[in-house]
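K.L.:
Could you have a look at this structure, given as structure tokens, before my questions?
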Amino acid sequence: MASKSTFERMKRVRATVEKYRERRRKLKEAGDYAGLARLPRDASPTRIRNMCALTGRTRGVYRKLKISRIKLRELALEGKIPGMRKASW
């Protein structure tokens, strides 16, 4: 599981992205790339990592459910995800 500090850092990055969203949009429309460079690094939306809500895994995360592929499979096999079951043909 990811450390608590990782979750907190991502929360802080999301807040910073939201804070500077409108300012970034205006600077991009104006073509002022020097102004964009003066903004904090965490103001860029590409700094946000998708993380599994259960384990903190950053790879193989389904955006719709916000859980990793491994946990998705475990929960599906336990029957905890409605409408999802193991395929057989």
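The values are calculated or read from the model by the stated rules, or taken from the named source; none is laboratory data. What you see is a predicted model; the values in this text were computed from it and never measured. Positions of Cβ are generated from backbone atoms using ideal geometry, with glycine treated the same way; all protein chains shown enter the neighbour counts. Note: areas computed on protein heavy atoms with side chains; ligands, DNA, RNA excluded. Shrake-Rupley method; radii C 1.70, N 1.55, O 1.52, S 1.80 Å.
K.L.:
Give me the percent of accessible area attributable to carbon and sulfur for the chain, probe 1.4 angstrom.
P.N.:
Taking all protein chains in place, the chain shows 51 percent carbon and sulfur surface.
K.L.:
Assuming a ≥ b ≥ c are the square roots of the Cα gyration tensor eigenvalues, decide whether the chain counts as rounded (a/c under 1.5), prolate (otherwise, with a/b larger than b/c) or oblate. Walk me through the numbers on the way to the answer.
P.N.:
Values: a/c = 4.06, a/b = 2.42, b/c = 1.68.
In terms of gyration-tensor shape, prolate.
K.L.:
For the ranges 52-60, 78-86, what's the packing order if you count other beta-carbon atoms within 10 Å of each residue, average per peptide, and put the highest first? Please report the intermediate quantities before stating the final value.
P.N.:
Numbers: 52-60: 15.3, 78-86: 9.0.
Packing order, densest peptide first, comes out as 52-60, 78-86.
K.L.:
Please list D42, D32 from largest to smallest accessible area, probe radius 1.4 Å, with all protein chains kept in place.
P.N.:
Working: D42 40, D32 60 Å².
Sorted by accessible area, descending: D32, D42.
K.L.:
Stretched out fully, how many nm does the piece from K4 to R38 gain, at 0.36 nm a residue minus the Cα gap? Kindly include the intermediate steps, with their values, before the conclusion.
P.N.:
Values: separation 34, 0.36 × 34 = 12.24 nm, distance 2.95 nm.
That pair, K4 and R38, stretches by 9.3 nm at full extension.
K.L.:
Which residues does a label at S88 reach in the range 48-80, if reach means a backbone N under 17 Å from a point 7 Å past the Cα toward the Cβ?
P.N.:
76-80
K.L.:
Once Lys and Arg get +1 and Asp and Glu get -1 on their Cβ, which of C52, T16, G35 lies farthest toward the positive end of the dipole of the range 1-66?
P.N.:
Sorting the options by dipole projection puts first C52.
K.L.:
Using only Cα atoms, tell me the angle between helix 4-30 and the longest principal axis of the chain; keep it within 0 to 90° and round to the nearest 10.
P.N.:
50
K.L.:
Continuing with the same structure: Ordering S68, S44, S3 by how much accessible area each has at a 1.4 Å probe, largest first, what is the list?
P.N.:
Working: S68 0, S44 25, S3 55 Å².
Heavy-atom accessible area, descending, gives S3, S44, S68.
K.L.:
Can you give the accessible area per residue of the chain, in Å², using a 1.4 Å probe? Intermediate values should be presented prior to the final figure.
P.N.:
Working: 7380 Å² over 89 residues.
Value for the chain: 83 Å² per residue.
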